[in-house]
Every structure is written in C-alpha cells, then in structure tokens.
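Shown next, in structure tokens, is the structure this report addresses.
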Amino acid sequence: MNLTFERCAIEDLGVLVDITRDTFVNAFERQNNPEDFWNYINEAFNENAIVEQLLDINSEFYFVYLKNVLVGYFKLNKLEAQTEQFAKSSIELERIYVLKDFQSQGIGKVMLLKVIDTAKRRKATFLWLGVWQENKDAVRFYEAHGFKKFGTHPYYIGKDKQTDWLMKCQLK
C-alpha cells in the first residue's frame, strides 16, 4: 500500500480541525452521553485548541494520503507535550485515526508501522498511547503490534470520567 505522510502546518488548520472532529465523532459518539460528548468535542477540537497544539514544537500532526486522497491522520508528542511524563526518551502517539470510508483496508496498520519507525529513528526507548478500555478492537490492534498495557489514566468526555489503558511498545 502506497501511503504518503505530510506534516501538518498552520495552513492546514481548517482541514485538520475537520478531520479531528469527524474521526472522533465517528469513533465515539454512539457510546457517550450527547451533552458531555458535544461539550468535549467543542472544547477539544476547536480551532484555538488545534492551533495551540500545531504551534507546540513538541507536537506533530501528520496527514495520511492514499493516491493523493486524505484518508487519516496521526499526532505525536514528545517531551513536555506528552499527556503523561514517563521518560524524556519516550514518544506518545496521542491520536491515530482513519476516515470511516477507508477503514478495514489495512491503512491503520501501515500508519502505525510508520509511527513506530519514526519513533525508532528519533531514538525513542518506547512509544506509548492511551486507549479507551472499552475500545476492544483498538486494544487488540495495538496488542497485535507489540503494545502491552502498563497502566491506566482517567480520560474525561465532558463530566464523564472514563478509563484509558496506557500501552507501550518497547523500541530498544
């Protein structure tokens, strides 16, 4: 599969806001209280929040294309931008999403392999992420690619306190 990866810049803000909202809504809207969910979406995925993340030198968003068609994106955090602080040599995969119309085609696997390769090239000792404990398909996907649970942390959708499993993949 011939995917291309393009680091997002401030000029990509409109498209980035749209894809972050669309993919999160498609993935999780049905499992959450509507009021909590939409309050969260409007806070976490508004232009100001995304601009702040884009301008953070320790965060990177990447668009993923298949034959010049946008099919997904991912976000990496290092150092202080990580949502949890484990090691200066760790990298967090905060978000990885494939648009609904392109799921079940192996795109997520290629994206994850690109992320792992990127972390290795940056000499990270491990790559980690948080995944909602109820998202069993995602948990199985990460386990199949070498990630192991090493903890939990709370994740709030509005006032709803949920639990994310912390999973990591050793790189060294």
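Here, each number is a calculation from the coordinates, and none is a lab measurement. Keep in mind it's a predicted model, so treat the numbers as computed, not measured. Reconstructed Cβ throughout: ideal geometry from the backbone, glycine too, with neighbour counts over all protein chains shown.
For the stretch 55-65, filtering for residues that are among the aliphatic types (A, V, I, L, M) and surrounded by 18 or more Cβ atoms within 10 Å (Cβ to Cβ) leaves 1. Checked against (1) surrounded by fewer than 16 Cβ atoms within 10 Å (Cβ to Cβ); (2) in contact (Cβ under 8 Å) with a residue 60 or more places away in the chain; (3) of a type in the set (D, E, K, R); (4) more than 27 Å from Asn42 (Cα to Cα), Lys159 passes all but a single condition, namely (4).
Restricting the search to the stretch 75-104, which residues are surrounded by 17 or more Cβ atoms within 10 Å (Cβ to Cβ) and of a type in the set (Asp, Glu)? Within the stretch 75-104, Glu92, Glu94 meet the criteria. Applying the criterion of being acidic (Asp, Glu) and assigned to a helix (DSSP H, G or I) to the residues of the stretch 126-144, the residue that is surrounded by the fewest Cβ atoms within 10 Å (Cβ to Cβ) is Asp137.
Conditions (1) part of a helix (DSSP H, G or I); (2) touching a His at 6+ places or on another chain (Cβ under 9 Å), marked per residue:
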| position | (1), (2) |
| --- | --- |
| Ile19 | yes, no |
| Phe37 | yes, no |
| Val51 | yes, no |
| Phe61 | no, no |
| Phe74 | no, no |
| Thr83 | no, yes |
| Lys88 | no, no |
| Leu93 | no, no |
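Scanning the stretch 115-125 for residues that are in a helix (DSSP H, G or I) and either among the hydrophobic types (A, V, I, L, M, F, W, C) or buried (at least 17 other Cβ atoms within 10 Å of the Cβ) (or both) yields Val115, Ile116, Thr118, Ala119.
Yes/no per residue for (1) under 27 Å from Val15 (Cα atoms); (2) without any contact (Cβ under 8 Å) to a residue 60 or more places away in the chain:
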site: Lys88; (1), (2): no, yes
site: Arg95; (1), (2): yes, no
site: Gln103; (1), (2): yes, yes
site: Asp117; (1), (2): yes, yes
site: Ala124; (1), (2): no, yes
site: Ala138; (1), (2): yes, yes
site: Glu143; (1), (2): no, yes
site: Lys148; (1), (2): no, yes
site: Gly151; (1), (2): no, yes
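Please verify whether Ser89 is among the polar types (S, T, N, Q) and under 14 Å from Leu171 (Cα atoms), treating the condition exactly as stated.
Considered against the rule, which asks whether it is among the polar types (S, T, N, Q) and under 14 Å from Leu171 (Cα atoms), Ser89 comes out as yes.
Identify, please: which residue in the stretch 1-54 is among the polar types (S, T, N, Q) and free of Cβ contacts under 8 Å to residues at least 40 places away in the same chain and is, among those, surrounded by the fewest Cβ atoms within 10 Å (Cβ to Cβ)? It comes out as Asn48.
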